[in-house]
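The values are calculated or read from the model by the stated rules, or taken from the named source; none is laboratory data. Please read all numbers here as calculations on a predicted model, not as lab measurements. Cβ: placed from backbone, ideal geometry, glycine included. Neighbour counts: every protein chain shown. Just so you know, the surface numbers come from the protein's heavy atoms only, side chains and all, with ligands and any DNA or RNA stripped out. Shrake-Rupley method; radii C 1.70, N 1.55, O 1.52, S 1.80 Å.
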Amino acid sequence: MPNPSEPFFSAVRARLGPDAVDTAPETLARYGANMLPCGALPPAGVVFPGSTEDVQAIVRMANEHGVPLWPTSTGENRGLGLKSPVQPGQVVVDLGRRMNRIVEIDETLAYAVVEPGVTYAQLHEELGRRGHKLMLDTTSGPPDGGILGNTLDKGAGYTPYFDHFGMSCGFEVVLPTGEVLRTSDGALPGSKTQYLSKYGYGPFLDGLFIQSNLGIVTRLGVWLMPRPPVSRAFFFTFPEDEDLAEIVELVRPLKLNNLVPTLIKVTSDVYAFGTEEAYPFERTGGRTPLPLELRKELREKHGLGAWLVSGAFYGPSEEAVQPLIERVKAHFLRSGKARYISHAEGEQSRVLKIHLDTFSGQPTRDELGLLQWRPGSGATWFLPASPMVGRIANEQQALSRRILAEHGFEFVIEYVCGPRMARALHILLYNRQDSEERERAGRCFRALLQAYAEAGFMVARAPLDMQQEAMAKLQGVPEVLSRIKHALDPEHILAPGKYGVS
Ligand SMILES: Cc1cc2nc3c(=O)[nH]c(=O)nc-3n(C[C@H](O)[C@H](O)[C@H](O)COP(=O)(O)OP(=O)(O)OC[C@H]3O[C@@H](n4cnc5c(N)ncnc54)[C@H](O)[C@@H]3O)c2cc1C
């Protein structure tokens, strides 16, 4: 059957050259693949712009031919979508392949300007080449993930620059009708403060372009932190699942008064040792989820407890940082349950080193080991908000454990704690080669989403196959977004269906 998007592809080839389009079956399979319960979502084809002008031309041709587009930058959105479009048959615009330059690094004002394909590993390496005067905030996910795509999906890291959208400034965006918009002070022709003055003049437009289908972002300013001479992490383990309530109560004041400058991670046992272990089916006779005795055994093997707490201090020297470590030690050890693990011990453990790396802006592949916990590498992220109140954290824990256990999955979670709220990063790991298990993982995710929404807790990001359902939990916002969508994208050609907005 002829590809209905063929006239569009011919127009793109004529304008951008024959290499700018790929419709080979293996390419469609690769771009349609993801780790989600919904299975593959193959696109109609892939186009490769090399410049902002190319993106404008592609968008205009898509309007003429009525072809829906799906932008991707590095497409490493593991557990949330990879490169695949939200609906099969959309045309993927792969910005990362050819638009992957670090446009500028300003070492005085500490920022970089990046194109969509610039990865965490690439910028880290370039900063290293320049003597590591500046530090990049990185995720604990794939180093080949992109700074721009992660920012647009409300991604985050762990250092004081953890809020990637908060630390971005100055978007260059191709609107769905093909015009270019520069936000913040970039709207002033000849602006000298485009990457410095985030909120600009008038209503703040940048937020319209994150988790959205209102524009294709072609350039972004990213603020960088001066690299501190010394970065020292601390770790504490706690023995029991129920200790979460006490941990949250202990963490909150450290963040409210900003004593600890990083986010504080509270990592569950399976999340921690799952980076190094595979599910021991032979020990359980094939049964799931993992029984408590085996959890305890694996915790002991890796020197962990039910929970691992981690954070870091920065300073000019070891001597300057040590009193802060002592203060935090006294604070946690008061509980009588915590066990302290030093930075030096952390360096000896692969499970702990992930945290040393992320607190010091070093991209790491080690956490990707979690994707091997179950065979078949299925993964989907459930990311609700959790107030920093111990009682509520334990209520949420009981809810998640019950729903996950009913569906045969482990509670694999990391609470990433700020002063008032933690992001409860659940990873639902399952065998995506097994159709029954895949279907069960989808049901489990829906049950979690429903139960948390009923209890008053919303997710911050959603995997492609759950975006519609998550948006349907909200009132007022979907209607307003739909009106804005129609005004900016009258032909509805840009990523219809993304985050539940068509
Ligand atoms: C073990 C593990 C740990 C992880 N840890 C973290 C973590 O610490 N923090 C975190 O945030 N994530 C984490 N992730 C999730 C994910 O892998 C990363 O967020 C990853 O960086 C996102 O993919 P990307 O950068 O390649 O973006 P992309 O896949 O390129 O894009 C992400 C989204 O933005 C949209 N988009 C991309 N480019 C454009 C554009 N130019 N214009 C408009 N829209 C665009 C895409 O349509 C997509 O919806 C983790 C994943 C795993 C498996």
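Below is a table of values for the structure above.
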{"quantity": "Share of pairwise Cα separations in the chain, more than 41 Å, in percent", "calculated": "20"}
{"quantity": "Counted charge near His407, where neighbours are those whose Cβ lies closer than 14 Å (Asp, Glu -1; Lys, Arg +1)", "calculated": "+2"}
{"quantity": "Within the chain: Cβ-based charge dipole about Cα centre, in debye rounded to nearest 20 (Lys, Arg +1; Asp, Glu -1)", "calculated": "560"}
{"quantity": "Three-way shape call for region 102-226 based on the alpha-carbon gyration tensor, with the a/c threshold at 1.5", "calculated": "prolate"}
{"quantity": "Dipole axis of the chain (+1 Lys, Arg; -1 Asp, Glu on Cβ), positive-most option in Val217, Ser377, Pro316", "calculated": "Pro316"}
{"quantity": "Between region 273-307 and region 213-254, the alpha-carbon center distance in angstrom", "calculated": "26"}
{"quantity": "Residue pairs, from the table Lys198/Lys498; Lys133/Lys353; Lys154/Lys329; Lys265/Lys353; Lys255/Lys296, whose Cα atoms sit over 24 Å apart", "calculated": "Lys198/Lys498; Lys154/Lys329; Lys255/Lys296"}
{"quantity": "Shape category assigned to region 324-417 from the gyration tensor of Cα positions, a/c cut at 1.5", "calculated": "oblate"}
{"quantity": "Cut-off under 5 Å, modelled amide H: who pairs with Ile264 long-range", "calculated": "Cys417"}
{"quantity": "For region 275-281, Karplus couplings with θ = phi - 60° (6.51, -1.76, 1.60), whole Hz, Gly/Pro x", "calculated": "6, 10, 10, 10, 4, x, 4"}
{"quantity": "Between 0 and 90°, nearest 10: helix 477-488 axis offset from the chain longest Cα axis", "calculated": "30"}
{"quantity": "Loop trypsin sites (Lys or Arg not before Pro), region 162-245 (other Cβ atoms within 10 Å of the site Cβ: 16 or fewer; DSSP)", "calculated": "Lys192"}
{"quantity": "CD proxy at 222 nm, helix term only [per DSSP H run n ≥ 4: -39500 (n - 2.57); per residue of the chain; nearest 500]", "calculated": "-10000 deg cm²/dmol"}
{"quantity": "In order through region 63-71: 3J(HN,Hα) via Karplus (6.51 cos²θ - 1.76 cosθ + 1.60), integer Hz, x for Gly, Pro", "calculated": "5, 4, 9, x, 9, x, 10, 9, x"}
{"quantity": "Accessible surface, per residue, of the chain when the full set of protein chains is kept, probe 1.4 Å, Å²", "calculated": "40"}
{"quantity": "Dipole magnitude (debye, nearest 20) for region 101-186, charges at Cβ of Lys, Arg, Asp, Glu", "calculated": "140"}
{"quantity": "Accessible area (Å², 1.4 Å probe, nearest 10) - Arg440", "calculated": "40"}
{"quantity": "DSSP beta bridge pairing in the chain, given as percent antiparallel to the nearest 5", "calculated": "90"}
{"quantity": "Overall form of region 207-336 per C-alpha gyration tensor (a/c, 1.5; a/b vs b/c)", "calculated": "oblate"}
{"quantity": "Protein accessible area in the chain, 1.4 Å probe - carbon and sulfur %", "calculated": "53"}
{"quantity": "With all protein chains modelled, accessible area of Met458 [1.4 Å, Å²]", "calculated": "60"}
{"quantity": "Contour excess over end-to-end distance, with Cα ends at Glu53 and Asn258 and 0.36 nm allotted per residue", "calculated": "69.4 nm"}
{"quantity": "Degrees, to the nearest 10: 350-359 long Cα axis against longest axis of the chain", "calculated": "60"}
{"quantity": "Proximal charge balance of Met388 [Cβ under 13 Å; K/R count +1, D/E count -1]", "calculated": "+3"}
{"quantity": "Positive-end extreme of charge dipole, region 102-226 - chosen from Gln194, Val173, Gly145 (charges on Cβ)", "calculated": "Gln194"}
